[in-house]
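The values are calculated or read from the model by the stated rules, or taken from the named source; none is laboratory data. Bear in mind the structure is a predicted one, so any value in this text is a computation, not a measurement. Every residue, glycine among them, receives a Cβ derived from its backbone with ideal geometry; neighbour counts consider all protein chains shown. We work out accessible area using only protein heavy atoms, side chains counted, and drop any ligands, DNA or RNA first. Shrake-Rupley method; radii C 1.70, N 1.55, O 1.52, S 1.80 Å.
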Amino acid sequence: MKRYAFLSMVTFALFGCGGSDGGSDSSAQAAPSAIEGTIDSVSTTTVTVNGYTYQATSASFQGQTFDQDMLTLEPNMMVKVSNQSRATNSSVELEPTFIGQIESINRLNSTFSIAGVNLKFPRLSTNIVNGDWVMVSSMPTANAGYKVLSVVKFAQDPSIGGAIVEGYVSSIAENSSFKIGKSLTVWFDPRIVSGEKSLENGMWVEVLGQYNEFEGSITAENITIETYNDFPNDGEIEGIVTWVAKDKSEFELNYRGRIAVRSNTEFDDGNKNNLVAGALVEVEIGKQGNALYAKEIEFEDDFDFDIDWDQFEFEEEGRVTNIDSDAHSFTINGKAIVTDTYTEYENLIDFESLNGECVDVEGIVIDSKHIAREISLEDDCND
């Protein structure tokens with residue numbers, strides 16, 4: 001199956017290597033049963049993520065397992081480690097943002113591209129050249145960009161030619177195409193989408209498909225909707241806060257889902273005031289039904305902000321006009337605002353009942369589009 005085969009030529013060895021501290025020392029605490037974050041360090045028998053060390057001698061991706069003589073794990077690679085059975089050996093699942101051929105390397109500007117997506121990474125190895133197959137780990141930035149954390153080269157069968165891209169979905173057109181990030185077009189058939197829901201704007205997805213360099217598009221063979229709904233009650237997630245409610249009652253992590261902040265949520269290396277868009281955090285997850293809440297939020301201070309997240313947030317109060325059900329949009333004070341899968345409605349309202357209402361809208365700006373995150377009724381618009 002092409003989904004797995006294109007990694008079967010990886011021929012490196014798991015090795016020990018130093019890495020970042022990954023936050024506070026967690027050696028005295030019980031490791032979470034599942035953790036998603038960046039690798040601090042690895043050895044022949046262990047992997048350390050967010051300060052927690054797990055016994056592990058192999059890694060997997062999309063169901064294929066690689067023993068220690070087949071794959072290199074390196075610091076700053078994004079992984080998900082699971083030890084829910086508390087067994088001796090943990091499961092290490094690779095969580096790359098991109099897999100594909102690297103092109104347009106410009107070492108002077110520290111830039112390159114994969115599947116037509118322009119990326120920047122000052123520490124790109126001199127051993128990596130145009131045409132090599134690489135695995136890229138990243139975190140999201142404001143305006144649906146990517147901050148690259150690591151780029152790892154691996155061997156690849158050139159006859160296979162598949163690529164994997166993760167990103168924020170926008171501009172879905174007649175169930176036949178959409179955009180990932182700000183520019184990459186994905187052609188798709190709705191029947192190939194894996195998940196409980198249909199594809200909607202605002203979702204974070206993983207796309208496997210064939211990249212057409214002449215058209216700058218991907219024809220998808222499989223699309224997976226990425227959320228944190230299956231994370232266990234005591235899991236931990238490292239990521240970027242991509243939106244925060246004005247009252248700090250909830251936040252969005254990595255564009256993938258909402259996490260509630262409770263009165264008993266603990267804060268480490270900061271407080272609730274530090275919970276802002278762009279903050280790098282490690283979140284201990286609690287679950288109540290299908291809802292997620294933060295047991296503890298630890299702030300990290302080693303994230304290099306490339307952009308001011310405040311530029312991509314907005315709040316607008318006014319009376320709703322020009323409801324467009326097809327575009328899932330409306331207008332306030334002459335400003336077009338769109339809704340997506342993560343738009344929340346308060347005061348028992350919904351999209352169809354918005355017309356003429358006085359509302360307060362909090363949201364984010366992506367590719368010049370004002371996207372509502374929270375819509376609530378107001379008593380008076382002073383009109």
For Cα pairs less than 8 Å apart in space and 6+ apart in sequence, what is the mean separation divided by the residue count of region 344-383, i.e. the relative contact order in percent?
46
Work through the residues other than Ser110 whose Cβ is under 10 Å from its Cβ and net out their charges, Lys, Arg +1 and Asp, Glu -1.
+3
How much length would be gained if the chain were fully extended between Asn229 and Ser376, taking 0.36 nm per residue of separation minus their Cα-Cα distance, in nm to one decimal?
50.4 nm
Between Gln55 and Asp326, take the C-beta separation as r, use R0 = 45 Å, and let me know the FRET efficiency to the nearest 0.05.
0.30
For Lys369, the aspartates and glutamates lying under 14 Å Cα to Cα, once residues fewer than eight places off in the same chain are dropped, come out as Glu313, Glu315, Glu316, Asp340
With labels modelled as points extended 7 Å from the Cα through the Cβ direction, what inter-label distance (nm, one decimal) is found for Ala30 paired with Ser368?
5.3
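Exactly which trypsin sites (Lys or Arg not before Pro) in region 271-367 are in a DSSP loop and have at most 11 other Cβ atoms within 10 Å? Display every interim value, and only then the final one.
On the way: sites: Lys272, Lys287, Lys295, Arg319, Lys335; in loops: none.
For trypsin sites (Lys or Arg not before Pro) across region 271-367 that sit outside H, G, I, E and B with at most 11 neighbouring Cβ atoms in 10 Å, the list is empty.
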Kindly report, to the nearest 10 Å², the accessible surface of Ile323 as traced by a 1.4 Å probe over protein heavy atoms only.
50
Would you pull out the residues with amide H under 5 Å of Ser41's amide H, same chain only if 5 or more places away, H placed 1.01 Å from N?
Thr48
Could you tell me how far the Cα centroid of region 170-249 sits from the Cα centroid of region 275-347, in Å?
16
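For n ≥ 4 DSSP H runs only, could you compute -39500 (n - 2.57) per run for the chain, divide by its residues and tell me the 222 nm figure to the nearest 500? Don't skip to the answer; put the middle values down first.
Working: 1 runs with 4 residues, N = 383.
Counting only the DSSP helices, I get 0 deg cm²/dmol.
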Let's see if you can work this out: charge +1 on each Lys and Arg Cβ, -1 on each Asp and Glu Cβ, no other charges. What is the dipole magnitude of the chain about its Cα centre, in debye to the nearest 20?
1460
Setting aside same-chain residues fewer than 8 positions from Lys197, which lysines have a Cα under 19 Å from its Cα?
Lys179
Need one number: nm distance between label points at Asp308 and Asp350, each 7 Å from Cα along Cα→Cβ, rounded to one decimal.
4.0
Within region 171-189: backbone nitrogen closer than 19 Å to the Asn118 label point (7 Å, Cα to C-beta):
179-186
Mean Cα-pair separation over length for region 252-368, i.e. relative contact order, pairs under 8 Å, 6 or more apart, %
22
Could you let me know the centre-to-centre spacing of region 31-48 and region 77-130, using Cα atoms, in angstrom?
17
Could you give each residue of region 213-221 its phi-based ³J(HN,Hα) in whole Hz, using Karplus coefficients 6.51, -1.76, 1.60 with θ = phi - 60°, and x for Gly or Pro?
5, 6, 9, x, 9, 10, 9, 6, 9
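Given 0.36 nm per residue, what is the gain on full extension from Ile105 to Asp189 after removing their alpha carbon distance, in nm? Provide the component values of the computation, followed by the final result.
Numbers: separation 84, 0.36 × 84 = 30.24 nm, distance 3.24 nm.
So the chain would gain 27.0 nm between Ile105 and Asp189.
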Within region 173-270, report the GluC sites (Glu not before Pro) that DSSP leaves as loop and that have at most 10 other Cβ atoms within 10 Å.
Glu174, Glu196
